[in-house]
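Structure first, commentary second.
The values are calculated or read from the model by the stated rules, or taken from the named source; none is laboratory data. Everything quoted here is computed from the prediction, not taken from an experiment. Reconstructed Cβ throughout: ideal geometry from the backbone, glycine too, with neighbour counts over all protein chains shown. The protein model used for the area step is the full one, side chains on, heavy atoms only, and it has no ligands, DNA or RNA in it. Shrake-Rupley method; radii C 1.70, N 1.55, O 1.52, S 1.80 Å.
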Amino acid sequence: MSVDIKAVERVEELHRQKAAVKLGGGVKRQDEQRARGKMTAWERIDYFFDSGTFVEIGGFTELRTPHFGLLEKALPGDGVVTGFGKVGGRLVYVSSQDFTVLGGSVGEMHGKKIAYAMKLAVQNGAPFVCLNDSGGARIQEGIGSLCAYGDVFFANTQASGVIPQISLIMGPCAGGAVYSPGITDFVVMVEGTSNMFITGPQVIKSVTNEDVTMEELGGADVHMSRSGVATKVCRSDQEALDWVKQLLSYLPSNNLDVAPASRFSLASSEASEDMLSIVPSNGNKPYDIYEVISAVVDAGSFVELQENYARNIVIGFARIAGRSVGIVANAPGELAGCLDVDASVKAARFVRFCDAFNTPLVTLVDVPGFLPGVEQEYGGIIRHGAKLLYAYSEAVVPKLTVVLRKAYGGAYICMCSKHLGADVVLAWPGAEIAVMGPEGAVNIVFRKEIQEADSPEEKRRECIDHYTEKFANPRIAASLGYVDDIIDPRETRSQLVKHLESLMRKRVDTPKRRHGNIPL
Ligand code: HXC
């Protein structure tokens, strides 16, 4: 058969055009991007997806705004690469903004591409990962650009609770652009190169006269430790992409799926002798909650989220006997493990993610109560604490609770007690389940007796011992069915393995409603 020269030339031209599209804003701008320690939009995609699996969609899309000479600057792709590929063999959709093209700014077609990729992700039940590196709304496109953002926010919201959505912030993310990551389930930032803020330092200076640098205002550390926006901070683009790949391995592809189970070693099922020494009997002594978590989950499987925010509560994914679970644990080493505004919000959002995506919840309780104080009350601990109560009550996934030590007052109820629908509540023998701790309780209940006693201190001690004996233990709760069993701490892991297995087909019918009204 003779070769059709014209067809060959056309195909060669096509390949030249595709290579040009991949160059984005050109070699010089790509080099500048690398010099800042950032990968290019395509390098990120190549690194993220299993080799050879990525398929681009809309590579020839171009902007259509004639103003400000924009058409002369237009480049195919319009500053964002969208498509799908495989991560660990599973389908994932992506958008990757190209800062070398008009600063990765979002115009009409740019936004349409992202929203369309999201629509495909929802239709095909696959996670959506958004790589952000953008100067925000493309100023020259005016309302077209705002409309593009609106499309993306709408798509984010429609996808919420249907597919996992993960944002990586790998450059600037300014103005309204922050609200797309703000809606998504996880926000991963890169130290030193990423920023997120609604208004930049210059606007702030002109409006409030505050002096602040970009890093102080919206750098990765700020969003990890102060605002709670960041789920994870990584040191480089590569580390961030690796972390997201690991995160995806714990998640189902969509709300009708369960996360893939992985193999686990039988050795890691054995009873842990350490359990008798990690948690001190003296309730005033702190300890390392991570040691308890490590002892109950499959070896090395715990992945923490928001690790430097509200450190009085620990959240993250882990595996128990190969199954993905969400861990929520009070951390007595920080604020004695009290619940406060930040901890309540942090845990509540995580509980809701787990519930939306069929991930059983394992709650480890050692909580002396809600943090007292004017600041907390003024900060809205009533409505924020209510979020955690609401989230646990609403969750229909398997809910397993272990009371390690203290479980007092409203915080006891809040930490996935039987009353909020826990499927199983196990307590260690030293668990103290009561309205409040012995010291506080006797000062109220026995105040008169103590005051009138010949030796008030001796009387107080006697009352404390009496209260501790009578109330600060797990027996009363167990006798009423609020604790299913009091267990040997060394058997915690094996008990969780068995209970989890029994709950994997749990079904709950909830009354029909559009949605509840969680106290936002
Ligand atoms: C159009 C933009 C742009 C934008 C950057 N560029 N941002 N073009 N619209 N929003 C272009 C620049 O003109 C430049 O083009 C190229 O991208 C690279 O930008 P530089 O400024 O040279 O880069 P750098 O010094 O690294 O600074 C990056 C930056 C800065 C911090 C992001 O560009 C910046 O402040 N941009 C504006 C940020 C902003 O205010 N965005 C709008 C937010 S309001 P040339 O051709 O000169 O190289 C918003 C509202 C959305 O987003 C509301 C939705 C609800």
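Which residues, taken from region 69-87, are over 13 Å from I57 (Cβ atoms) and either among the aliphatic types (A, V, I, L, M) or open to solvent by less than 40 Å² (accessible area, probe 1.4 Å) (or both)?
Selection gives G69, L70, L71, A74, L75, G79, V87.
Keeping to region 30-62, report how many residues are within 20 Å of K18 (Cα to Cα), acidic (D, E) and more than 29 Å from the chain's Cα centre (by Cα).
Count: 2.
Residue check, T53 against (1) in a loop (DSSP other than H, G, I, E, B); (2) within 14 Å of the ligand (Cβ to nearest atom); (3) free of Cβ contacts under 8 Å to residues at least 40 places away in the same chain; (4) not charged (D, E, K, R), all met but one. Which one?
Looking at each condition in turn, T53 falls short on (2).
Can we say A230 is in contact with a Cys (Cβ under 6 Å, 6 or more places away or on another chain) and either away from the ligand (no atom under 14 Å from the Cβ) or closer than 17 Å to L168 by Cβ (or both)?
In short, no.
Looking only at region 153-177, which residues are of a type outside the set (S, T, N, Q), open to solvent by 10 Å² or more (accessible area, probe 1.4 Å) and at pLDDT 95 or above?
F153, F154, A155, G161, V162
Going through region 184-222 one residue at a time, which ones are surrounded by fewer than 20 Cβ atoms within 10 Å (Cβ to Cβ), in a loop (DSSP other than H, G, I, E, B) and among the small types (G, A, S)?
G192, G200
Is it fair to say G79 is modelled with pLDDT under 95, within 16 Å of the ligand (Cβ to nearest atom), on the phi > 0 side of the Ramachandran plot and small (G, A, S)?
Criteria not met by G79.
Could we say that R90 is open to solvent by 10 Å² or more (accessible area, probe 1.4 Å), over 20 Å from L256 (Cβ atoms) and more than 11 Å from the ligand (Cβ to nearest atom) here?
So R90 fails the test.
Restricted to region 143-183, and to residues that are among the polar types (S, T, N, Q) and in a strand (DSSP E or B), which residue is nearest to the ligand (Cβ to nearest atom)?
The qualifying residue nearest to the ligand (Cβ to nearest atom) is S167.
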